Amino acid sequence: MVRKRLYQEVDKPYTPEIKSKQVQLYSFEKIPEYLQSNPYIRTGYRHGLSIKDCLISLVYLNNETINIWSHLIGAGLFVYFFFRDIYNGRALPFFASTSDYYFILFYTVSVIICMLCSVSFHLFNCISPRAFADFLKLDLCGIGFGILGCYLCGLHLAFECYRDWRIRYETMIISIMFIAVIYYIHGVKRYTTRNIHVTLFVIISLMGFLPGFHWYALHGGWSNGFVQQFFPRLFVLYGILGVGTFAYLTKFPERFFPGYFDFIFASHQIWHFASLGAFIWWYQNGIDLLQYRLSNPCSTPEI
């Protein structure tokens, strides 16, 4: 059953229930409508918990455990990247300019924020309808921030020799993401039960092919060794995201085996691992691109 009346419920106050110390998980039929987003996940639901109980749920298995820990570990991994490559200077020799440093830093921070916003939503969404809506807004803002970080870092490094085009594309993506986030903040009550927010973010992500193919043309196409080395990596990025998006939108594999993937390997978990894998892939390629530019400085006049 879809969550049709979330917007009618978000203003209802949450009344705590007295609970025993025994861990209690619920089946799909026993949870309120605002939590019923996936009828193929049959059990393992938390409901009506306090903030303290939500934190305690970190240490026992429920159907949000993998969603929470995958991105909590992901945030920790990018904190490690920050100290290894930026704070301790491992990647500093590769930075061709001060702006390169700050764009890599911005990307790293944006991914950490995206991961933590996701963790907050999946950890605390079971408190009440209002908490669900508020933390979903936070999650959507985090996704937007993560996509923005990917774009700005990629555009800055890829179009380093074409400053005018870089500024145009950066201005365009900042404007689009600002409008999208504002739209979600004001429209989340109506659209949490649908795939509209995911579809829009997918469309925004696919727009990366526009500067990608433009970059391909500016560098002379496949005959350029630089293009041969880095252009296929863009398709690897979209391939990773494509697997996660397909699983998310189709609810594969639990759609075909209801109840068998309640705790492990559900579609949303696949999406989490795919998004984390894409972030890591893009980060490593950013470092590789900086290394390349250090050895091969811009020699092409700007267009």
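No lab work stands behind these numbers, since they all come straight from the coordinates. Nothing here was measured: the structure is a model prediction, and the numbers come from that model. Cβ atoms come from the backbone with ideal geometry, glycine included; neighbour counts cover every protein chain shown.
Using only helices, what value at 222 nm comes out for the chain when you add -39,500 (n - 2.57) per DSSP H run of length 4 or more and divide by the total residues, to the nearest 500 deg cm²/dmol?
The per-residue figure over the chain is -21500 deg cm²/dmol.
Quick check: the angle from helix 209-218's long axis to the longest principal axis of the chain, C-alpha only, nearest 10 degrees?
Here the helix axis deviates by roughly 10 degrees.
Pairs of lysines 8 or more apart, or on different chains, with alpha carbons under 26 Å: count those in the chain, would you?
The result is 22.
Enumerate cysteines in the chain without a disulfide-compatible partner, where compatibility requires another Cys Cβ under 4.7 angstrom.
That list is Cys54, Cys114, Cys117, Cys126, Cys141, Cys150, Cys153.
Given a cut-off of under 8 Å on Cα pairs at least six residues apart, what relative contact order in percent is computed for segment 6-295?
Taking the mean separation of contacting Cα pairs over the length of segment 6-295, I get 23 percent.
State the Kirkwood hydrodynamic radius of segment 6-295 in Å, one decimal place, computed from all pairs of distinct Cα atoms.
Across segment 6-295, the inverse of the average 1/r is 20.4 Å.
Among Cys54, Cys141, Cys150, which one moves the most in a GNM of the chain with springs linking Cα atoms closer than 10 Å?
Of Cys54, Cys141, Cys150, the most mobile in the Gaussian network model is Cys54.
Want the number for Ser50 to Met207: 0.36 nm per residue separation, take away the alpha-carbon distance, what's left?
Extending this stretch completely gives an extra 52.5 nm.
Binning at 10 angstrom from zero up to the longest distance, how are the C-alpha pair distances of segment 42-146 distributed in percent?
15, 38, 26, 15, 7, 0
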